[in-house]
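This report refers to the structure that appears directly beneath it.
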Amino acid sequence: QVQVVESGGGSVQPGGSLRLSCVASGDIFDSYAIGWFRQAPGKEREGIATISSIDRSTYYTDSVKGRFTISRGIPQNTFYLQMDRLRPEDTAIYYCAIEVTYGPASIGSYWLRPDPYDYWGQGTQVTVSS
């Protein structure tokens, strides 16, 4: 019904940059939210960035604020996570998720929780090491 595919992961040195892409397809209409999450081995899945399709408001977890940027691209079902000044602690599998049930008019900290999201991608590995 809905497919979410992430790409762009890889290995980078500390201080480097990567841009992750998320493409959502299927029964997606105008109102939805996109979230980027990550999960390191032995840790809980962590929401790091989210965006509303309605007003393009964004929200970030503190650990990535000022370093990561979530945006909507062209075509409009494509989303990006630009990651700059990467640190070893950013190493994780990164997931893109979409929420299509409600479609928030604005984004806040609630949308960094995994619970609202309906569909998830398979993940892309990001490794930051020297």
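The values are calculated or read from the model by the stated rules, or taken from the named source; none is laboratory data. Worth saying up front: this structure is predicted, and the values here are computed from it rather than measured. Cβ sites come from the backbone with ideal geometry, for glycine too, and all protein chains shown count toward neighbours. SASA here: full protein model, heavy atoms, side chains in, ligands and nucleic acids out. Shrake-Rupley method; radii C 1.70, N 1.55, O 1.52, S 1.80 Å.
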query: From largest to smallest, what semi-axes in whole angstrom does the chain give when each is the square root of 5 times an eigenvalue of its alpha carbon gyration tensor?
result: 23, 14, 14
Contour minus Cα-Cα distance for Glu44 and Arg87 (0.36 nm per residue): 13.6 nm
task: Please work out how much accessible surface Asp115 shows to a 1.4 Å probe, ignoring ligands, DNA and RNA, in Å² rounded to 10.
output: 100 Å²
query: Over the range 4-54, what per residue volume does the convex hull of the Cα atoms give, in whole Å³?
result: 114 Å³
message: Given a 1.4 angstrom probe, what's the average accessible area per residue across the range 67-130, in square angstrom?
response: 49 Å²
field: Separation of alpha-carbon centers, the range 1-35 and the range 77-120, rounded to whole Å
entry: 8 Å
- request: Report the extension gain between Asp118 and Thr78 in nm, rounded to one decimal, defined as 0.36 nm multiplied by the number of residues separating them, less their alpha carbon distance.
  value: 12.7 nm
query: Can you tell me the accessible area per residue over the range 1-48, all protein chains present, probe 1.4 angstrom, in square angstrom?
result: 53 Å²
message: Rounded to the nearest percent, how much of the accessible area of the chain (1.4 Å probe, protein heavy atoms only) is carbon and sulfur?
response: 46 percent
query: For a paramagnetic label modelled at 7 Å from the Cα of Ser21 toward its Cβ, which residues of the range 67-95 fall within the zone defined by backbone nitrogen distances under 16 Å?
result: 71-83
